[in-house]
Amino acid sequence: MRRWIAGFVLAVTATCVSSCGTEDPVPDVVVEISNVQFSPMDVTVEHGGTVEWRFDDGGLLHHVESPGLFDSGITGDGTFRHTFESVGVYEYSCSVHPYMIGVITVL
C-alpha cells in the first residue's frame, strides 16, 4: 500500500510540474538586445500579447522603458516582459543609449 501511495504522490507531482500554470506568460514576440540595438526594432502583437526583451549584450547595461507604461530597470542580463492590454502604438527606448529606440504596435 505504501508503494502505491508513494507512486500516486509522485505521479500527481509530476503532472503538476508539467502542466500547472507559470507566473510569467509565454512571450508572443522576443526582442533581442545585442550589439547596442533592439532586434527587431519594430514589432506587432495582438491585444493582450506579451513582448519579451532579452538582454544579451555581454553584460552591457541597458534600460528598456516607455514612460508611464513599462520600465525594465537598468540591467545587463536576463529578460524583461510586458503584456500589452490596450491597442495602440508604443515607442520605447534605452535611457542608457538614447539612440536605441523601438516601436510596439498593438492590434
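The values are calculated or read from the model by the stated rules, or taken from the named source; none is laboratory data. All figures in this text were calculated on a predicted structure; none of them were measured in a lab. Methodologically, a virtual Cβ is constructed for each residue, glycine included, from the backbone with ideal geometry; neighbour enumeration extends over all protein chains shown. Surface areas here come from the heavy atoms of the whole protein model, side chains and all, with no ligands, DNA or RNA. Shrake-Rupley method; radii C 1.70, N 1.55, O 1.52, S 1.80 Å.
The Rg/Rh ratio for segment 47-107, using Cα coordinates for both the radius of gyration and the Kirkwood hydrodynamic radius, is 0.96.
A 1.4 Å probe, protein heavy atoms only, puts the accessible area of Asp77 near 110 Å².
When you filter the GluC sites (Glu not before Pro) in segment 28-67 for DSSP loop state and at most 15 other Cβ atoms inside 10 Å of their Cβ, you are left with Glu46.
Below 9 angstrom from the Cβ of Asp28, what's the summed charge of the other residues (Lys, Arg +1; Asp, Glu -1)? Could you put the intermediate results ahead of the total?
Details: positive: none; negative: Glu46, Glu52.
With Lys, Arg at +1 and Asp, Glu at -1, the neighbours total -2.
Of the chymotrypsin sites (Phe, Trp or Tyr not before Pro) in segment 44-106, the ones in a loop by DSSP (not H, G, I, E or B) with at most 16 other beta carbons within 10 Å are Tyr99.
When Thr50, Thr83 are compared by accessible surface with a 1.4 Å probe, the order from highest to lowest is Thr83, Thr50.
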